[in-house]
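Have a look at the structure below before the remarks.
The values are calculated or read from the model by the stated rules, or taken from the named source; none is laboratory data. Please read all numbers here as calculations on a predicted model, not as lab measurements. Here Cβ is always computed from backbone atoms with ideal geometry, including for glycine, and neighbour counts include all displayed protein chains. For the accessible areas, the whole protein counts, side chains as well, though only heavy atoms, and no ligand, DNA or RNA atoms are used. Shrake-Rupley method; radii C 1.70, N 1.55, O 1.52, S 1.80 Å.
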Amino acid sequence: HRNKLPPDKDNSASSNEYFNKALQHRHNNYKTDNLRVLGVDELGFVPPCDISGRECVSALHRAKTETCKQIIANISCLIKTNPPYPKRLPHQCPTNDVKQNKIIGCFRDGKEIKLLPGYKTSLIFTNSQENCIDLCLQSGFAYAGVEYGTDCFCGNETPEWGLKLPDTFCDMQCPGNLSQMCGGHYTINVFKTGVSKFIAKIASEPSPNFKHNNIPPVRIVFLLTLNGRAVRQVYRLIKALFHRDHYFFIHVDARHDYMFRELSKIELTLSNVRLSRRRHSTIWGGASLLTTLMDAMSDLVQSSWDWDFVINLSESDFPIKSNDALVKFLTVNRKHNFVKSHGREVQQFIQKQGLDKTFVECEARMWRVGEKELPKGIIWDGGSDWLALSRPFVDYLVAGDTLISGLSQFFKYTLLPAESFFHTVLRNSPFCETYIDNNLHVTNWKRWLGCKCQYRHVVDWCGCSPNVFRYDDWNRIKNTEKKQVYFARKFEPIINLSIIDTLEVWLYGEYPADFKNRMSYWQNLYHYDDVYPAPDESLLIVGNSLARVATKYLTTSHTTCQIRTLDKLLQVFTYHHKDKFKGFLIQYEVSFSNNSNKLLFESWCWPKLQGIIILNKDPINRLLNFIVSSDFDKKEQMSRNFIRLIGPYTEPVLIHQWAAGEHSFTVTFLWLNPYDELINVTSTNIEESALITFGKPTLPMPLSQGIWTVLLVYENVTMAYTQFLVTPLHTIRDTSIPASQMSIINKPQNYRQSFEDWTNVIKVFKNSIVLETKNKFIDRTKTKMTSWVDSLITSAYNILETCIVIPCKSLNDCGLKELVTCAETSWSSYSPDPKSDIKSINKESGTLN
Ligand code: UDX
């Protein structure tokens with residue numbers, strides 16, 4: 001069997017069992033404890049109806065603000081008693097479904113066939129010499145809400161169900177597009193599919209010798225929905241897609257100031273780039289994402305921009321074909337609309353996607369509050385929310401009719417609405433004939449990693465996400481060369497930059513030999529202008545402390561220099577080179593007593609507390625990495641907290657990575673606080689296979705400030721240890737930590753040790769290794785506190801180098817001239833980064849220089 005479902009452990013189950021299990025998982029895997037009907041006293045308002053449903057009561061318990069509680073109560077009551085959307089909607093598609101399986105005959109461009117489940121059916125395709133056609137068989141991609149598979153067979157196998165492909169396609173990947181057939185006659189056998197409808201669709205592709213002649217090439221709007229701080233990657237994406245004939249309409253999540261501010265800079269210089277001012281907090285899977293897309297489409301229809309297609313993309317998409325190829329393809333398919341369907345039985349899709357559940361969005365969360373009935377009379381469809389929609393269809397969406405307004409109302413209360421709204425409108429609208437089952441994307445689904453309920457903190461549902469492409473996945477992208485896919489997702493340069501580099505070289509040819517910093521990437525983590533998201537308190541403490549220490553060092557190492565004081569921490573970046581985290585950069589402003597100038601410096605810092613192996617004997621010699629951090633990303637199997645900032649209220653995670661070995665064995669971790677008290681003991685079995693694993697111990701919060709130690713014990717001997725700093729905080733969100741809690745985090749807590757068994761192991765360890773724990777802080781006057789904080793932080797972080805942003809002549813005599821200029825270093829955020837630089841438009845090519 002080729003291209004079966006990925007090796008998911010549930011895959012052995014029959015498809016129904018698998019489906020039911022997955023569904024159960026989605027339904028149950030979020031918190032619904034403390035179930036008890038809430039009284040008016042607790043709610044603070046009288047709900048419009050009796051609220052007794054388990055999910056709604058749970059949501060009301062968990063919501064924090066009264067406004068959100070009220071919205072939840074109101075919507076729940078409304079959906080129960082008088083749903084705010086129509087019970088029936090019009091089906092306006094003129095095509096009648098094919099009701100029987102039979103040999104369908106010859107196909108022409110854009111013709112769609114539908115088959116009921118049944119038996120062997122031959123689809124015979126012929127096409128003319130001028131056009132090539134691409135057969136897009138509906139197949140089993142996984143989307144955020146669904147996990148499906150389709151089997152394809154080649155050669156002599158006789159499948160019981162699935163698709164038997166002609167030998168010409170045996171090297172093609174399935175599911176997906178079955179690539180080009182240029183002028184000829186082909187037969188595909190569809191065996192019993194087990195689906196209620198099997199849909200095939202043909203999109204036309206220009207023959208290699210096709211000429212545009214008088215047909216004007218399409219103009220595309222790239223609609224970018226962005227979040228996060230990967231600004232340099234977004235610049236790179238815009239550079240790759242840019243042409244003066246195309247447009248960029250950008251929405252930035254309302255909670256992401258930095259991305260918005262940085263992109264505003266290019267909006268000023270490029271007239272075909274515009275940022276949406278109607279900003280929403282577009283949480284994952286939220287109803288707000290559909291609102292955002294519809295707002296954008298309405299703005300685009302009303303704008304003076306002259307465009308033919310809109311293609312939505314995110315910060316983690318990247319093109320895998322040239323713009324020319326995309327334009328050529330869309331030009332010959334200008335009447336079509338490209339969406340990717342789930343390829344499964346509709347009822348299963350509805351359930352798996354949770355379309356029949358009511359969700360309410362508030363407090364940047366999708367709360368599940370009960371069931372809802374789907375409007376009748378229409379065909380339901382959905383799949384991927386990455387789309388390429390034609391201008392006439394977008395005009396129709398914006399103008400609206402009963403179908404669109406009814407579905408818009410319905411999808412206001414639906415999870416992942418953008419994954420079904422457009423498909424369903426398209427299928428039931430006068431545009432149904434223009435539906436092409438292809439989202440033009442290759443998506444890196446690895447469901448065994450990507451379906452781990454990782455969005456539980458924002459949705460009451462277990463959703464899936466595709467993985468980030470890494471260099472090892474290159475063949476997946478390369479194999480799409482002959483397929484009608486133009487984008488791939490996901491890419492994240494902090495995780496893997498080499499795949500983006502390889503892809504760009506593949507698309508545009510080799511870089512010039514003197515191209516600077518090709519394999520380096522900088523990502524901002526803090527900017528002093530940010531209001532949202534609120535900066536991490538620990539980052540501010542660490543950044544300010546290191547800037548203070550660096551400033552002091554400048555003063556002492558440049559003796560004539562009269563540096564007065566550190567004025568301000570300006571920015572923090574993480575720095576990555578050749579796909580490795582190489583430390584972080586703090587940028588700060590310093591003033592001088594003999595000069596009114598303020599100078600900018602950047603220092604390169606490194607979190608130095610790593611795992612240390614004491615006895616490198618079997619089986620501990622399998623240990624590759626042993627650190628404490630937080631924000632462990634189960635999908636990508638790494639901590640996103642590169643700097644390893646842990647405050648008194650952070651949940652630390654112990655991450656350990658092992659090479660493969662011959663035996664499994666058990667190790668024990670002992671967690672010692674800065675006062676050497678044993679706080680937690682956990683044991684883990686290490687299997688034979690190579691693995692990255694993580695453990696979250698239950699530690700009493702707030703954590704004692706200072707340096708903690710974790711011992712790795714094997715057969716009663718400490719074989720390795722690692723340390724981590726709990727950053728000293730005296731304020732949280734500008735509010736002083738209450739004195740009672742301060743005493744907990746600043747003093748030994750006299751834990752009654754119920755772990756006596758380990759006393760000896762710890763004693764032996766303490767006798768053999770001298771650890772500097774710097775926990776003896778007693779005096780809390782401001783200066784003493786600051787020097788204690790600085791001494792703690794320098795135990796956990798090193799300053800590797802410092803540079804000056806703009807060398808200032810008048811300060812030559814104070815010794816600073818010896819300091820290297822930031823732009824001349826390879827590590828500074830001021831070092832040239834031409835792959836992300838957006839300069840002027842090239843007059844000849846229309847692309848960016
Ligand atoms: C998957 C599917 O590919 C996608 O079709 C579906 O909408 C969500 O699940 P995933 O990688 O999980 O994608 O989501 P991601 O790309 O991270 O986010 C989807 C969109 O929402 C992006 O445009 C992203 O920028 C935006 N988003 C996400 C926000 O604006 N804010 C957030 O906090 C999270």
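If you go through segment 800-846 and keep only what is surrounded by 13 or more Cβ atoms within 10 Å (Cβ to Cβ), at pLDDT 95 or above and among the charged types (D, E, K, R), you end up with 801, 833, 835, 837.
Scanning segment 453-493 for residues that are buried (at least 18 other Cβ atoms within 10 Å of the Cβ), within 16 Å of the ligand (Cβ to nearest atom), outside any strand (DSSP E or B) and among the basic types (Lys, Arg) gives a single hit, 490.
Of the strands (runs of 3 or more DSSP E) that lie entirely inside segment 686-727, those containing 1 or more residues that are under 28 Å from the mean Cα position of the chain (by Cα) span 691-695, 717-726. For segment 251-269, filtered to residues that are open to solvent by less than 20 Å² (accessible area, probe 1.4 Å) and touching a Phe, Trp or Tyr at 6+ places or on another chain (Cβ under 8 Å), the residue that is nearest to the ligand (Cβ to nearest atom) is 252.
Residues checked against (1) of a type outside the set (D, E, K, R); (2) over 26 Å from residue 699 (Cα atoms):
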position	(1), (2)
591	yes, yes
598	no, yes
610	yes, no
614	yes, no
623	yes, no
642	yes, no
662	no, yes
665	yes, no
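Looking only at segment 215-232, filter to residues that are within 12 Å of the ligand (Cβ to nearest atom) and closer than 21 Å to residue 834 by Cα; which one of those is surrounded by the most Cβ atoms within 10 Å (Cβ to Cβ)? Checking each candidate, the answer is 229. Of the residues 51, 72, the single one that is assigned to a loop (DSSP other than H, G, I, E, B) and surrounded by 19 or more Cβ atoms within 10 Å (Cβ to Cβ) is 51.
For segment 270-288, filtered to residues that are open to solvent by 40 Å² or more (accessible area, probe 1.4 Å) and within 22 Å of the chain's Cα centre (by Cα), the residue that is farthest from the ligand (Cβ to nearest atom) is 279.
Scanning segment 397-445 for residues that are within 12 Å of the ligand (Cβ to nearest atom), within 21 Å of residue 313 (Cβ to Cβ) and in a loop (DSSP other than H, G, I, E, B) yields 416, 420, 439, 444, 445.
Do the conditions hold for residue 667, that is, is it under 18 Å from residue 760 (Cα atoms), open to solvent by 20 Å² or more (accessible area, probe 1.4 Å) and not polar (S, T, N, Q)? Judged against the criteria, residue 667 is not a match. For segment 330-395, the strands (runs of 3 or more DSSP E) that sit wholly inside it and include 3 or more residues that are within 16 Å of the ligand (Cβ to nearest atom) and touching a residue at least 24 places away in the same chain (Cβ under 8 Å) are 357-362. Yes or no: residue 513 of a type in the set (A, V, I, L, M, F, W, C), open to solvent by 20 Å² or more (accessible area, probe 1.4 Å) and within 16 Å of the ligand (Cβ to nearest atom)? Here the answer is no, as residue 513 does not meet what is asked. The residue that is nearest to the ligand (Cβ to nearest atom), counting only those in segment 304-329 that are within 24 Å of residue 420 (Cα to Cα) and of a type in the set (Phe, Trp, Tyr), is 318.
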